[in-house]
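One structure is given below, encoded as structure tokens.
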Amino acid sequence: MLAISNLRVEFGARVLFDGLSFSVGERDRISFAGPNGAGKSTLMKCLAGVLEPNAGTISKPKDARVGYLPQEGIHLSGHSLYDEAESSFAEARGLQRRIDELSAELRALDPRSAPYSDLLERIGTLELQLEHFDPARIKPRIESVLQGLGFSRGDFRRDCGEFSGGWQMRIAMSKLFLQEPEVLLLDEPTNHLDVDAQRWMEQFLHGYRGAIILISHDKALLDTLTNRTIAFENGKATEYAGNYSFFVEESRKRREILEKQYKAQQRDIQKAEAWINRFRAKNTKATQVQSRIKQLAKMERIELDLEEAGMNFTFPPPPPSAHSVAVLEKASMRYGALTVFENFDFEITRGEKFAVVGPNGAGKSTFCRLITGEEAPTEGSVEFGSKVFPSFFSQNHADELDPARNVLETVEAVASRDNIGHVRNLLGCFLFRGDDVFKPVGVLSGGERSRVALVRMLVRPANFLILDEPTNHLDMQSQEVLQNALHHYTGTVIIVSHNRAFLDPLVTRTLEFRQGQAPRIFFGNLTYYLEKKEEEESGRAAGGGGKEAVHDLAPETPANRKEQRRQEAELRKKRARVLKPLEDELAVLEEKIAELEAAKATLTEHLGKPEVTGDPEELRKATTAFQSLSEQLETAFTEWTSLSDQVEKVRAEVG
């Protein structure tokens, strides 16, 4: 479908990529991976024809269509939602209009005349072209796609200009899906989708007949959908024949192999240079010395890109709060005639981590504002426990930042005394590095402002965190930093998100909101929730009405809570019994490796001394010792790899 050859893109002195070549087959599922700013979106714009590369070619068959969904910047108005979606079939509608016009002309002609026969033949040709679009299915296809992406039938006649930015992106997505281009380019398609719309989109893409190129920070989506990965980093693009998890594992293996090759080459270079330095002054060795020098000059040196130091962030110990963090009793929220929810009873206790899911507009953000005290319920009550200090992140908070302040000032203004010294490191974790911290907030993109708002929330002292879609503008590394920090955070957390890979290791319960229904608690993470929803839908499809699933998801009771605490206690015991000894063993092994490396470095320095190189017996002893140390190190690293994998596996099991 596409052939990319020797592509080069640069911005000023910075080269994003050069000599990039790859092809896209008709059913390929490709993801672009790499940190923000590496060039993924830029390449997608080149493939879409939005941006011209500085060099190279992008070829495609004459009739192949390329459809592109950008991250943001779409605004449609002037047509109803349905008419805008129907415009995806403009060619089919044009054919139908022309057939109708010619049919009207046909009625005025003599059926026995030559013009009648000619016109009838033209109509037949147009009808064959129209049949390609399967006109009988156009209306149901439009309705299916719009409803799958979360629009109701009542939205169909609304002007597109009435919809917010996130829904505008869904409109654009629906048009692309209806057009069915041969190559589909999607840049962060899940950012504006709730969990139901994302499930529908995944199912649609799995059955899509064309090629798909995807940029996403949703690891679960990438793993289930893609089969090729092109990774961008340090000005290079490397292809991997697998999904995102395959790319992560394979890139780790490639890095290990390259490091070994690099170290081996460096040893050879050091030996050659030591030999040259030893015999450089001897006339009898002059020819050999020059030969060795030429060999070194011709050697193709292995380059080892310096990996960025591992970014990390840990919350300071949160101040202790009461066991009962927040309680809603008979809480109702109404806006005029709209009832969001009513008679809602809910309690969150210290240390719990909840996911909040549901369609957009069902009440998730309203619930967040309620449980943080930003809004009061229309009826009922919200009570906070003693010494509860909530901190709330919302996408709207990005719009409230002072545009005149720079990034660093904006965060330092709210940082606690304990965190003030870690602000620069934390900003680095969320992609503000070097001079980026001195940029005025007013020049930042929407995604960058959202990250600043998130960092501001993280540096405030709090023991109750409420996060509304925190991963929308984070790359994989930043997501891992936040996920790791939340995993070790001992306070209470509520997260509104549909990002399975991010949520699953963190949360133990899922709270679902749906319009016209009472909120429900599912006693498991997001994957568990989705499995239960599928069981419900299967039950309804089979005529069972999903009653068993509903019974399984009954409101929380003291017995349920007791069982949950029992399971958590068992996990703590397993962690102490199994994980702690393995971690201790790993720490001892790491100390041993450090000692061996230090000894090897000392011996390497010893080997370079003239009194050693000039004494054959001393050189033999030192070389033998060096070889022994190298073998011990190799064995230790092998043990470390195996033990590390074992520790990570147990950590995943015990949480």
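What follows draws every value from the coordinates through simple rules; no lab data is involved. Keep in mind that what you see is a predicted model, and the values were worked out from it rather than measured. All Cβ positions, glycine included, derive from the backbone under ideal geometry; neighbour counts span all protein chains shown.
Figures for the structure shown
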{"item": "N227 versus V588: modelled label distance in nm, points set 7 Å from Cα along the beta carbon direction", "result": "4.8 nm"}
{"item": "Two-site FRET efficiency, H206 against E375, from Cβ-Cβ distance with R₀ of 45 Å, rounded to 0.05", "result": "0.70"}
{"item": "Length gained when the stretch Q265-I420 is fully extended (0.36 nm per residue, less Cα-Cα span)", "result": "51.4 nm"}
{"item": "Semi-axes of the equivalent ellipsoid for the range 332-386, Cα gyration tensor, largest first, Å", "result": "20, 15, 9"}
{"item": "Kirkwood Rh in Å, taken over all unlike Cα pairs in the chain", "result": "29.6 Å"}
{"item": "The chain: relative contact order in percent, alpha carbon pairs under 8 Å with at least 6 residues between", "result": "12 percent"}
{"item": "Label-to-label distance, nm, for residues given as E72 and E300 (7 Å Cα→Cβ offset)", "result": "4.4 nm"}
{"item": "At R0 = 30 Å, FRET efficiency that the Cβ-Cβ distance of E250 and I293 yields, to 0.05", "result": "0.20"}
{"item": "Viscosity 0.692 mPa s, temperature 37 °C, Stokes-Einstein D of the range 324-552 from Kirkwood C-alpha radius, µm²/s", "result": "174 µm²/s"}
{"item": "Sparse-neighbourhood loop sites, trypsin sites (Lys or Arg not before Pro) in the range 302-393 - DSSP loop, at most 14 other Cβ within 10 angstrom", "result": "K387"}
{"item": "Highest average packing first - 214-224, 370-380, 54-64, 18-28, Cβ atoms within 10 Å", "result": "214-224, 370-380, 18-28, 54-64"}
{"item": "Label-point separation in nm, N277 to Q632, each point 7 Å along Cα→Cβ", "result": "2.5 nm"}
{"item": "The range 458-499, relative contact order in percent, only Cα pairs under 8 angstrom and at least six apart counted", "result": "64 percent"}
{"item": "The range 405-499 - Debye-derived log10 I(q)/I(0), Cα point model, q = 0.16 Å⁻¹", "result": "-0.64"}
